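Take a look at the structure below.
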Amino acid sequence: MKRIGVIGGGAWGTALAALSAEQGDTVLWARNADVVRSINASHANPLYLPDVKLPANLKATGDLSELKDCDALVLAVPAQTLRPFADAIRNALPLAAPIVIAAKGIEINTGLLPSDVLAELLPGRPLAILSGPNFAAEIARGLPAASTLACADAALGAKLVQRLGRPTFRPYLSDDVIGAQIGGAVKNVLAIACGIVIGRKLGDNARAALITRGLAEMSRLGLALGAKRETLMGLSGLGDLVLTCSGTQSRNLSLGIALGEGQSLQQIMGARRTVAEGVHTARAIEALAGRHGVDMPICAAVDAVLHKSRAIDETLAALLARPFRTEA
């Protein structure tokens, strides 16, 4: 694990590359040529991580082949772009370096988790998942944080933890690859719902109830797909859910707030540079839950508002009119 390659020059990829560079040789691939120039010349990425000084030894490139000698790759790109990136890795980086997936979501067209997408296109390649309650800007500034690193190969997972971990960034090792991905995907959709609650001024009681019942939905889907309950109650599940539904830096929460205040999805998305993954994931989760017979009314309501032109007040009324039931 001497040389690490990070694919993705956004805030999250840059933050992870900065962490890795503190402990050794690291090269960051970015599509944006201005980002590459700024990192190499000024040790900064003002486009995605303003006011953050990056390690001087962090190198950036726009040529994917420059990552060919890396001992591991960290893939920090939007979940819906994993398939083309997997194709690019297969062509430019044919060696079997393990891949750490740092994307959160579910592929819309197939309903596949990120690990399944990569397993389909890069069969036999060792994979790990990094997911948890992590805002990129805080990690890049050295503020304390923790995350789940899930890997079926315990020895590989331990090596990755040692290479990526820092005193201020604590990866906790897990073997539950499915659970780590379910939490990271569902929480983004629930954060949009929480934002709508805030934007509509429905109160803190409503937001707390939504987070709790959203966790129940996350758990039902995760268990149906083979996840472990303790993973869903851990950093990549409950931890990430709490952060994304309450942190002011959350893109999904802020999108929901804007929706609740009356803005249209087109207005919100048109004014943004960064991706709110929950917009895409809501549609994928609705389809995935239907195939597995899992009841996820909050996620379904978010999908209806985002993609089926359902009015927010009408959708809220339908949720509140659901029959009473036992909690367990």
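Quick notes on this structure:
- Computed over every Cα-Cα pair of the range 1-108 and binned at 5 Å starting from 0, the pair-distance distribution P(r) comes out as 2, 14, 25, 26, 19, 11, 3, 0 percent.
- Relative contact order (%) - the chain, alpha-carbon pairs under 8 angstrom, separation at least six: 15 percent
- Accessible area expressed per residue, the range 48-203, with surrounding protein chains retained (probe 1.4 Å, Å²): 38 Å²
- Computed over protein heavy atoms with a 1.4 angstrom probe, the accessible surface ordering of S309, S219, largest first, is S309, S219.
- Taking the accessible area of the range 1-123, probe 1.4 Å, and keeping the other protein chains in place, the carbon and sulfur fraction comes to 53%.
- Within-12-Å neighbourhood charge of P98 [Cβ basis; K, R +1; D, E -1]: +1
- Whole-Å distance, taken between Cα centres, linking the range 174-198 and the range 230-250: 7 Å
- Sites excluded, trypsin sites (Lys or Arg not before Pro) in DSSP loops with at most 10 other C-beta within 10 Å, longest stretch of the chain: 1-200
- Heavy-atom accessible surface of the range 281-328: percent carbon and sulfur, 1.4 Å: 57 percent
- Cα-centre dipole for the range 6-117 with unit charges at Cβ (Lys and Arg positive, Asp and Glu negative), debye to 20: 160 debye
- Total charge dipole magnitude, the range 157-310, about the Cα centre, Cβ charges on Lys, Arg, Asp, Glu only, Debye to nearest 20: 300 debye
- In summary, the helical segments of the chain meeting the span-like criteria, namely a full DSSP H run, a Cα extent along the axis of 24 angstrom or more and a mean Kyte-Doolittle hydropathy of at least -0.5, are 177-199, 204-224.
- Stokes-Einstein diffusion coefficient of the range 203-328, Kirkwood radius over Cα pairs, 4 °C, 1.567 mPa s, in µm²/s: 83 µm²/s
- Pairs exceeding 23 Å between alpha-carbon atoms, taken from K104/K201; K68/K187; K159/K187; K2/K68: K104/K201; K68/K187; K159/K187.
- Annotation: for a label point projected 7 angstrom from Cα along Cα→Cβ of S65, residues of the range 87-131 with backbone N closer than 19 Å are 87-97.
- Only Lys, Arg (+1) and Asp, Glu (-1) charged, at Cβ; the chain dipole about Cα centre in debye: 240 debye
- Rolling a 1.4 Å probe over the protein heavy atoms gives the range 240-328 an accessible area of 54 Å² per residue.
- FRET efficiency, A208 to Q267 (Cβ-Cβ, R0 30 Å, nearest 0.05): 0.55
- For the range 200-277, the alpha-carbon radius of gyration amounts to 1.25 times the rule-of-thumb value 2.2 N^0.38 Å expected for a compact globular protein.
- The range 254-328 and the range 1-60 have Cα centres spaced 34 Å apart.
- Note on the chain: Cα-Cα pairs beyond 33 Å make up 23% of the total pair count.
The values are calculated or read from the model by the stated rules, or taken from the named source; none is laboratory data. Please read all numbers here as calculations on a predicted model, not as lab measurements. Backbone-built Cβ (ideal geometry, glycine too); neighbour counts: all protein chains shown. Note: areas computed on protein heavy atoms with side chains; ligands, DNA, RNA excluded. Shrake-Rupley method; radii C 1.70, N 1.55, O 1.52, S 1.80 Å.
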